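The values are calculated or read from the model by the stated rules, or taken from the named source; none is laboratory data. In this text, all values refer to a predicted model and were calculated from it rather than measured experimentally. Glycine gets a Cβ as well: all are built from the backbone with ideal geometry, and neighbour counts include every protein chain shown.
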Amino acid sequence: MTPPAPLWRLIPSCFPPIAAFDGVARAEDLAAVMDLEGWTNDRLVAERLARLPPAEWLFGVPNASVAMAAFLHAAPAGGRFNGAELGAWYASVAVRTAIAEVAHHLRREMAARGLAEMRRVFRGYSCRLLGEDYIDLRGERAAQPGLYAPDSHAAGQAFGEAARAGGRDGIVYDSLRHAGGVNAVAYRPRHVSEIVQAEHYDILVPARGGILARRLRPG
């Protein structure tokens, strides 16, 4: 199957985009730009880049660095369907779902830091995912409880990395944070297409629960 389009991803605005990758024409040049930008100074980034075949690198298109960052600057503990060794591109079918996903992580950070609330501005991106070999896990929460475990990614990471190693393009699955929402994860940067920067969102997670999200006006 092919994921729906467009999809939406929110990235903290404190991480500014790097446009240097957008005009790169060859993989050899991209490696040089990464060195120049200091990406490979980080041991984990260098190790992840070595695990990512050059044929799968994304460059020469607008916002290429945004997609590459998702694979190389991954969370140390990995994500729901990827391990710590290499990142992946996660996106949601609806902006509202993307907001719920990032708000969940804000709430976890708030609890870990003992704060009464958490607030952060996010930059939105729309995209289209290429490829036709995505595993469809929608409607499988009851049949695959390990993959949908709310407090553990162990089963999902093992499943996802096996899918990536087996040549699958990614996974489409139901959101645990937004009822009725759908997410997708892509395992190859080259399959992240038509990346367009969208609106910014000011998202507040208060102690009393709920999510307060405000779309910011340009300028």
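Restrict the check to the range 80-94 and report whether at least one residue is touching a residue at least 60 places away in the same chain (Cβ under 8 Å), in a strand (DSSP E or B) and touching a Ser or Thr at 6+ places or on another chain (Cβ under 9 Å). There is at least one residue in the range 80-94 that is touching a residue at least 60 places away in the same chain (Cβ under 8 Å), in a strand (DSSP E or B) and touching a Ser or Thr at 6+ places or on another chain (Cβ under 9 Å).
Hey, does the range 179-195 have a residue that's under 24 Å from residue 59 (Cα atoms) and polar (S, T, N, Q)? Taking every residue of the range 179-195 in turn, at least one turns out to be under 24 Å from residue 59 (Cα atoms) and polar (S, T, N, Q).
Within the range 159-172, the set of residues being farther than 25 Å from residue 65 by Cα and in contact (Cβ under 8 Å) with a residue 40 or more places away in the chain comprises just one member, 159.
Looking across the range 27-68, the residues that are modelled with pLDDT of 75 or more, surrounded by 15 or more Cβ atoms within 10 Å (Cβ to Cβ), part of a helix (DSSP H, G or I) and in contact with a Leu (Cβ under 7 Å, 6 or more places away or on another chain) come down to 45, 48, 49, 64, 67, 68.
Given the criteria of a type in the set (Lys, Arg), buried (at least 20 other Cβ atoms within 10 Å of the Cβ) and closer than 21 Å to residue 213 by Cα, does residue 123 qualify? Yes. Checked against (1) in a strand (DSSP E or B); (2) buried (at least 16 other Cβ atoms within 10 Å of the Cβ), residue 98 passes all but condition (1).
Annotation for the range 24-46: no member residue is touching a strand residue (DSSP E or B) at 6+ places or on another chain (Cβ under 6 Å) and either closer than 19 Å to residue 125 by Cβ or not β-branched (Val, Ile, Thr) (or both). The residue pairs whose first member lies in the range 50-64 and is at positive phi, whose second member is outside any loop (DSSP other than H, G, I, E, B) and modelled with pLDDT of 90 or more, and whose beta carbons are closer than 8 Å, counting only pairs six or more residues apart or on different chains, are 63/125; 63/195; 63/196; 63/197.
Take residue 91 and decide whether it is surrounded by 13 or more Cβ atoms within 10 Å (Cβ to Cβ), modelled with pLDDT of 95 or more and of a type in the set (Gly, Ala, Ser). So residue 91 passes the test.
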